[in-house]
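Report on one structure; see the data block that follows.
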Amino acid sequence: MNKRWMFLALILCMAFNSFGFAGHTYESQANLAETVIPTSEETGQTPPAETPTPETVSSTPTAEQTLTPGDTSAPVQPTTPVMTAVVPTEEIAPTTAPEQAQVINAENSSKLTLKRQDGIGWGSLQKLIVSPDGKNVLLSYSTRLTLLNLGDLSTIWEVDPGRILTDITFTKDGSHLVSCSPGGTVQIIDAATGAILTTSIPQREGVRSMALSDHGEYFAILDYTGISTVWNISTGKQVQDNNGAANPGGINAIFMSPGGGTLLIDGIDSKVHKQVQQWNVTDGKFKIGLLGVLNEMVRWKFSPDARRIFGINTRSLTAQPANTLVSWNSANGVLLKTYDSVGLITDYKISPDGTTLLIATEDNQIHVLDVESGGKKGVFAKHTTRIAGMDFTPDSQGVVSLGVDGKLYEWNVANQKADSEHDLKFATPRDSMMFSSQGQRAALLSPDQKKLGVMDVGTLSGVQMIGPEEISLRIPALSPRGDLAAAIDAQNGLNIWDVTSGKKLQTIPTKTRQPVKKIKFSPDGKLVATLSEGQIFVWDAATGSKVREVAGQNDFDFSPVEKILASDSTDNRLFLTNLDTGKTVTAIPGDHIDAISYSPGGDRIAIGGQKVQAKERGLVNLIYQIDLTSKQRMPVEMPELLGTVSSMAYSPNMDLLAASDSQGNIYLWNLMDGKRTAFFEELAFSPSELAFNKEGTELLVGGGDGTIGVISTTGGETAGQPKAAEAPGESTIPELSSTPYTHTKGSVTVQLPQGWNLKEPSDLAFVSSEKNSNGIVAFVATNTINPLTDEGFLNYISGCEAQFAISVANYKETDRGIDTRKGSGYVTKTVSISGIEYFFETYYTRDGSIVYQVNFFTRKPYIETYLPIYQGIYASLKINKAYISKQMPYEEVNTINGADNSFVYAVPTGWISETMQVTDTNARQYSAPDKSALMQVFAIPWDDKQMIGDTEIYASMQTWLETQEGTVTIVNREKTETGGWQITYALPEKNRNGVITGLKIGTNLQTLNVEYPTDLAAQYSMLAAKLVARFSLPK
C-alpha cells in the first residue's frame, strides 16, 4: 500500500521555499591567520584498520548502539598542515598611552578590554611535557605557554595563547602543538615559534569532559546530553559520535587511546554501577568493557601502545582516604594487576616503552614501579613540595619533574638520582582566589596550599601572608572590608584569621556530611556561612558557634540590607531565610539554580541556572532576576550562555550584569533590555569570581587558577562583540524575535526566528521555515479528550513515528528518550529529502488531555549552529490548554493513498496502525492511543448479481457489520456527495456508535468504518464526519 503523509509533505514543500537559524558568534581573541589544512581525501591518508578484538572475554553494553568513521587505537600520523603563522604578542597591553578609565556602561562596552595583573603568576600548571626529540620541555600554564631548552633551561619562546588551556600535546613529529580549552576549542600551534596557526575546532556549548589523543590526531568531547563526539583535528571535521544510550545512569568522563582509535567511556549502568567501555572510533561499534570495575575507580589512562588501561581505585575501608593503581588488558578487558599502595596518588605516568610507572604521591615523592611485576624500582624524594608536573624523556630512561615551589629536576630512572636541578622563576599552581566586596582586596592560596596571601588588587602591594599551616588549605574567603580571611583545611575545618595581625581567630570543625565547597562572609563580617551538599551552616565569626542551619545545594548569598540569606533547593525553589528567627520568609519557584547574587541595593536577586523544561536533548543556560518586592520573576532575562553560570556581579549603577561560566567565558548584559554588550571567550579559569570596583570603572575577574584580570575601557584584550554570524552555506542566522508570535486562533504562543516564513496549516498547528531550506520548525497539538495513560502516550508517539517512517526516504531512527513519569520525550532520526540529508528531531509532551509535538528539521551542516535557536523556541513555547481542549479530538489528520492509489483516506495523528483479521490483505485498522476509538479500511468484494441497487448495497454493509460486531441498530442510511453509501449505527451491547461508508472502486466496495464509545459520541462524531468526508477518489 503506497502511503503519503500530507502534513509532512506540506511542511517540506514550504521548507524548500524557506529555512535558517539564530544565535550570536564572536571573534576569536587570538589574531589568527587564514589556514589551509589538507583533508584525508586530499592527502590520500586513511585511518589504519582496527585490530580485531579477541572474543574470549566479553563485557557488553546495556543498550545496543554504534558510534557513527574515524581511526584505531594504533597511533596515526596527522596530515601536515600548510599554514601561515602570526605570532601572538608577548604582552596584552595598549599600544598608546593609557586613557582615563570610564565607568563601564552599555554604550562603551565595545571598548572594554581585559588585562591580566602581572606579578602573581600565569595560573595553574596544566601539563609538563617533553618534546618528542627530547631536547625541550613545555610548561603549559592555564594562561601561558613556555618552551624551555632542556639542556640549560633557557627560554625558547613564551606566549599567551589568548584563552585558558586545559590540555596540550605535541604532534608525533614534534613540529606542532595541539591545545584544547574548557569550551572545547582546539588550536594548532607552531612548536618552533609558539605561533597560534589556526583554530581547528571552535568552542561548543555545554562541554562536560574532553579527551585529546596523545599526539593530537583526534579530539573527543562529552556534552551535557551524554553524547560524545570525536573530531579529526587536522580537518576539523566530526568523524564519530556515541549517543550514550549504553550508560543509562549517565557518563562521568571520556578518554582516548594514544592514536585516537578507541574512545573509553566511564559511565553508569541501569543498576547504578560504574562501567568502563571501549568503543571503536573507526566503525563506531562497542569493543569490550573492563571487568572488575568499582564505583570508586577514576583517572583512566592508556599505555603508549594501548595494550593496557590504568585507573586509580579510591575505595577506602576506613575513614582515611586510600589510593591504589590498577591495570587491565585492553584487548579482553581482564583485570591484570592491582599495584601495592604507595600513598595518596596525585598523578601517574607510563613510560613510552610501556615498562615503567611513575606515581606521584601527596607526600611529595615520585615512586618508580615496574609495570609488569609491580615491583618497586625506587623513589625520587628530592621534591619538598607537591609535584606540579612530570614526564619521561622519549627513551624512557630520564624524567623531568617540577614542584609547586618552582624546583625542576632532571633525573635518572635507573637510580633515581638527579642529573640537574633548576629554580624556575615561573609561577606554579594556585587553586583558588576570592575578592572582598567591591574588589579592593584579594585572597590567594600559596602554591603549596599551606599559606594564604591577602593583597591590594590595584597595586598588588600590602601583601599579608597568613600561615603556614600544618595541613593544606582550600576555598579562601575575605570579609567585605577585607579585615578577616577564612579558608577550609584538609580536615574540612573552617579557619578564620585577622588579616592585619595574621592571628588565627577560629578553627571550627564543620562536621558536615560532605566537604565544604563554598564560604561567604555576611556584609558586616560578623557571620560566615559554609555550603556543603544539602547544608548551609552559618557561624558566628567571633565565637565560632553555629548560628543557623539552612538547606542549600549549589549557592547562597547574604542580603546587603537585612539579615536574610538566599539559597537554592533540589526542587528548584529560591529560599529566603531570616537569620534572626531561622524561619523561611518565602520560597519562590523557578528554574534550576547554579548561582545566586543580590543586587547592591538588595531589592533584586540574579539567578544563574538552567531552564527547567520537558526532557530533551538540549540545555538552556540562562540568568534571570527576582524582584524581591513582588517576589516575581522579572521580564528581562539573559539566555545563551555556553556553560553553566559560575559567578555574577551587578555594576554599582545597576545598569549592567556581568557573569562567568564553566567554560571560562565572561559576559556583560544591559539590564534594560537583556542584550549582551560584551563577551570574552574562555579567559576565566572556572570556578571564577567577579566583582566591580566601587567606582564601576573596573570589572575584576578572579580565576580558579589564582589569576586576576581587570576589564576596563583602557588597554588589554578587546572583547568580542555580538554580530550576525554566517552558518555553513549562504544563510544568515537570525535572532529570535523579541515579540512572541501567537497563532491567529490563540492556540499557541512562541518566539520564532526573525525573517522566517510562517504558515498555519490548521487551528492547532504552525510551520516556520527558513528561506534557503536549511531548517524548519513545525508545531501541532492534539486534544485526546481524556489524559493518556503512560501506555497511551507511548502509543501516540509510536503512531506518529510510524507515519514519519513511511513518508520520507531513508528514515532512520537514531535515538529515543521517553520519560513517561514526566510525560515528555524525544525521538531523533535522519531522513533524506530530494537527496539532501536532514537531521529530524521531534519532542513530545503530554499535558493533561493535550499532547503536543515540536518538530525540528535541520540540514546536517547546520545542526550545531541552529541548536541554540531551537532551544530558545522550545523554552518559549506556551500552549493555550483551555482553547485546545475544546477543539475536535485528534483534529490533525494525515492523508493516505489507498491500494493502487485508487482512493485516499485520512488517519488521525498519533493513531496506531494494526493489521485486520480479514481476507483483504490490504485492510488496515487504526486505533486511538487509548484504544477508545478505531477506524478500519477494507474491501467488500462487489457482487454484480446481488448489489443491484442501494438497498442491496446497504444490506451488504450491514451484513458485514453484524458479522463483525453482533447486534447492530441502524440509525440512518444515506447516499454521500461522492456517490457512495453511508450507514450510521449503534452497538447497544458494546455501548458504542459508529459510521460506515463505501465507494465502488473496480471490483470492490471499498469501505471505511469509524467506531467510538457512546459516552464520547458528542466529541468523536465530529472526527468521524471529518474522516468520512476525506474518504474519496483521488483528485
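Overview of results
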{"read-out": "Single residue of the range 778-809 satisfying the filter (part of a strand (DSSP E or B) and touching a helix residue (DSSP H, G or I) at 6+ places or on another chain (Cβ under 6 Å)) that is nearest to residue 840 (Cα to Cα)", "value": "778"}
{"read-out": "Strands (runs of 3 or more DSSP E) (entirely within the range 646-713) containing at least 2 residues that are aliphatic (A, V, I, L, M)", "value": "656-661, 666-670, 689-692, 699-702, 708-712"}
{"read-out": "Residue check, residue 828 in contact with an Asp or Glu (Cβ under 6 Å, 6 or more places away or on another chain), surrounded by fewer than 23 Cβ atoms within 10 Å (Cβ to Cβ), β-branched (Val, Ile, Thr) and in the same structural domain as residue 806 (by TED's automatic domain parsing)", "value": "yes"}
{"read-out": "3 or more residues out of contact with any helix residue (DSSP H, G or I) (no Cβ under 7 Å at 6 or more places or on another chain): qualifying strands (runs of 3 or more DSSP E) within the range 974-1029", "value": "992-1001, 1004-1013"}
{"read-out": "Residues being closer than 14 Å to residue 932 by Cβ, under 46 Å from the mean Cα position of the chain (by Cα) and of a type in the set (A, V, I, L, M, F, W, C) - total across the range 1007-1028", "value": "3"}
{"read-out": "Near pairs, Cβ below 8 angstrom, 6+ apart or cross-chain, from the range 780-806 (on the phi > 0 side of the Ramachandran plot) to any residue that is part of a loop (DSSP other than H, G, I, E, B) and of a type in the set (S, T, N, Q)", "value": "785/849; 785/932"}
{"read-out": "Residue satisfying all of: in the range 364-392; acidic (Asp, Glu) and over 37 Å from the mean Cα position of the chain (by Cα); farthest from residue 337 (Cα to Cα) among these", "value": "370"}
{"read-out": "Selection from the range 807-822 of residues that are more than 22 Å from the chain's Cα centre (by Cα) and either surrounded by fewer than 19 Cβ atoms within 10 Å (Cβ to Cβ) or at positive phi (or both)", "value": "809, 810, 811, 812, 820, 821"}
{"read-out": "Members of the range 292-312 found to be of a type in the set (Val, Ile, Thr) and either in a loop (DSSP other than H, G, I, E, B) or in contact with a helix residue (DSSP H, G or I) (Cβ under 8 Å, 6 or more places away or on another chain) (or both), listed by number", "value": "293"}
{"read-out": "Qualifying residue in the range 579-598 (condition: under 30 Å from residue 864 (Cα atoms), buried (at least 18 other Cβ atoms within 10 Å of the Cβ) and hydroxyl-bearing (Ser, Thr, Tyr))", "value": "no"}
{"read-out": "Members of the range 234-291 that are among the polar types (S, T, N, Q), outside any loop (DSSP other than H, G, I, E, B) and farther than 20 Å from residue 212 by Cβ", "value": "275"}
{"read-out": "Matching residues, the range 519-556, being within 23 Å of residue 587 (Cβ to Cβ), part of a strand (DSSP E or B) and either acidic (Asp, Glu) or not assigned by TED's automatic domain parsing to the domain that holds residue 487 (or both)", "value": "549"}
{"read-out": "Hits in the range 245-284 (condition: in contact with an Asp or Glu (Cβ under 9 Å, 6 or more places away or on another chain) and under 24 Å from residue 813 (Cβ atoms))", "value": "245, 246, 247, 248, 249, 251, 277, 280, 281, 282, 283, 284"}
{"read-out": "Selection count, the range 953-1000, where residues are within 59 Å of the chain's Cα centre (by Cα) and either of a type outside the set (Gly, Ala, Ser) or surrounded by 14 or more Cβ atoms within 10 Å (Cβ to Cβ) (or both)", "value": "32"}
{"read-out": "Residue ID - surrounded by the fewest Cβ atoms within 10 Å (Cβ to Cβ), chosen from residues in the range 396-405 that are at pLDDT below 95 and either touching a Cys at 6+ places or on another chain (Cβ under 8 Å) or not in a strand (DSSP E or B) (or both)", "value": "405"}
{"read-out": "Number of the exception - residue 906 against (1) assigned to a loop (DSSP other than H, G, I, E, B); (2) closer than 30 Å to residue 781 by Cα", "value": "(1)"}
{"read-out": "Residue selected from the range 200-233 under the condition modelled with pLDDT of 85 or more, among the polar types (S, T, N, Q) and part of a loop (DSSP other than H, G, I, E, B), by the criterion farthest from the chain's Cα centre (by Cα)", "value": "213"}
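Let's see how each residue does on (1) outside the structural domain of residue 513 (by TED's automatic domain parsing); (2) closer than 20 Å to residue 660 by Cβ; (3) not polar (S, T, N, Q):
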| position | (1), (2), (3) |
| --- | --- |
| 567 | no, no, no |
| 572 | no, no, no |
| 580 | no, no, yes |
| 586 | no, no, no |
| 605 | no, yes, yes |
| 608 | no, yes, yes |
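So that you can scan it fast, the table gives a plain yes or no per residue for (1) at pLDDT below 90; (2) closer than 17 Å to residue 422 by Cβ; (3) surrounded by 22 or more Cβ atoms within 10 Å (Cβ to Cβ):
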{"site": "120", "(1), (2), (3)": "yes, no, no"}
{"site": "124", "(1), (2), (3)": "yes, no, yes"}
{"site": "130", "(1), (2), (3)": "no, yes, yes"}
{"site": "135", "(1), (2), (3)": "no, yes, no"}
{"site": "151", "(1), (2), (3)": "yes, yes, no"}
{"site": "155", "(1), (2), (3)": "no, yes, no"}
{"site": "160", "(1), (2), (3)": "yes, no, no"}
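The values are calculated or read from the model by the stated rules, or taken from the named source; none is laboratory data. Nothing here was measured: the structure is a model prediction, and the numbers come from that model. When we count neighbours, we look across all protein chains shown, and the Cβ atoms used for this are built from the backbone with ideal geometry, even at glycine.
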